[in-house]
Each structure stands twice: as structure tokens, then as C-alpha cells.
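Down below is the structure, laid out as C-alpha cells.
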Amino acid sequence: MISDLLDYMTEENLHRLLGEYRSYGPLPGILLTFLKSFVPPLPTILIVGVNAAVYGLWLGFLYSWIGLVAGCMATFLLVRTAAGHRIARRWAAKPKVKASMDWIRRNGFSYVFVLSLFPVGPFVLVNMAAAVSRMSVLRFLAAVAAGKAVMALAVSFVGYDIARFYRDPLQLVYVVLFIVLSWYVCKKIEARFMRKEVAPDGAQAAGGN
């Protein structure tokens, strides 16, 4: 079944599919990107690019971003809930697993954000690892929303009119600069989250003295 779905995922078929269901508004474009979190082999670049070509640059980006973030949050919350099970807790208590989870917990924002920048990768595993490590919902949402926004906008910008990059290759420089600037801004956001987490410990230590 999945192989048949992947065979169907061609640019021509997606254009026709989204065109046929335009009467449903943004739902087809959002649903396609949402499914990416549950069917990892789906081609993210193709889906996001076609969304931009069919709905327009900004609406296509918005629909893709909503679907990607919603899918990541759904898998994250499902796994986070299951992580409270007795068997999952016993597995997480193993020294090597615990060390890995502690590392993800400390570096969770960067871990999720950086991996969310790439249009190809083990997205489901990233979501699961963040969930099992008990990364806070707010930090995960902020990281995945920021990372997917950068990725979806960059891919939408390329997919909206890919022919113009053949006419003017220098436009790719704008895409790279946008990604670098976004990374810098999100590092500032991460630092803000880290200060919020350290503050209660510092207050407690001061009280103890």
C-alpha cells in the first residue's frame, strides 16, 4: 500500500490531485504534509514545492508549515504519552539510554531545530527521541515550528518558480542567507529558553545559602 502511494507521488499527479480538491481549500495541502510524520518516505521537497506552485508562494508555504508542524506535534505527543508506560520507563532507566536522553534534554532545542531544517531526514525518529527524553512541549513546539518554517519557506521559494533559478542562479544566495539568519535568530531564542530553565535552579541555590 505504501509503495503504491509512493509510486503515485509524482509532480504531475500531485498537481492534478490538489487541483481537483481545490474546493476543499487548504485541507489537501495541509493533509499531505501532515502525513509526512506518519509515512516517512513521502517526498517532502516535492509536496512542499507543489503546494507553493498550486496555492501560491505564501499560502503554499503556510499550508505546508501548518501540516508539517501539526504532524510533528501529533507524533511527539503520542510518543510522550506512551513514554509514561512502565516498560518505557524501565527502558529509559538504562544507563546508556539515560545518558542519551539527558544529552537530548540539555540540547533539545538545537537538536530539533537543526534537524528540522533539512527537507530529508529521520523526522519521526527526531520527534520520538525528543518525546522519550521528556523535552517540554513548549520547547519542542518552538524548535520544530522555527525549523520547519525555515525549511518550508526555502523549499516553497524554490518550488514556486524553479525555472527562475536557471535564469538567475544568484537567487540561491538569498535562500542560503535566509537560512543562516534564521539559524542565528533561533540560537538567540534557545538562549532565552536556557536562561528560563537555569533561573529556578539559581533561585533555589540562593535560598539554600
(message) Tell me the net charge near residue 71. Cut-off is 13 Å between Cβ atoms, residue 71 excluded, with +1 for each Lys or Arg and -1 for each Asp or Glu.
(response) +2
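I need the peptides 36-43, 60-67 ranked by packing, meaning the mean over residues of other C-beta atoms within 10 angstrom, with the highest value on top. Could you put the intermediate results ahead of the total?
Numbers: 36-43: 16.1, 60-67: 24.9.
With the highest mean Cβ count within 10 Å placed first, the list reads 60-67, 36-43.
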(request) Could you work out the local net charge near residue 19, counting Lys and Arg as +1, Asp and Glu as -1, over the other residues with Cβ closer than 15 Å to its Cβ? (result) -1
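Where Lys and Arg each count +1 and Asp and Glu each count -1, what net charge lies around residue 44 among other residues with Cβ under 15 Å from its Cβ?
Charge balance near residue 44 sits at +1.
Every read-out reported here was derived from the displayed coordinates using simple, explicitly stated rules and does not represent laboratory data. This structure is a prediction, so every number in the text was calculated from the model and none was measured. Using ideal geometry, Cβ is built from the backbone for each residue, glycine included, and neighbour counts are taken over all protein chains shown.
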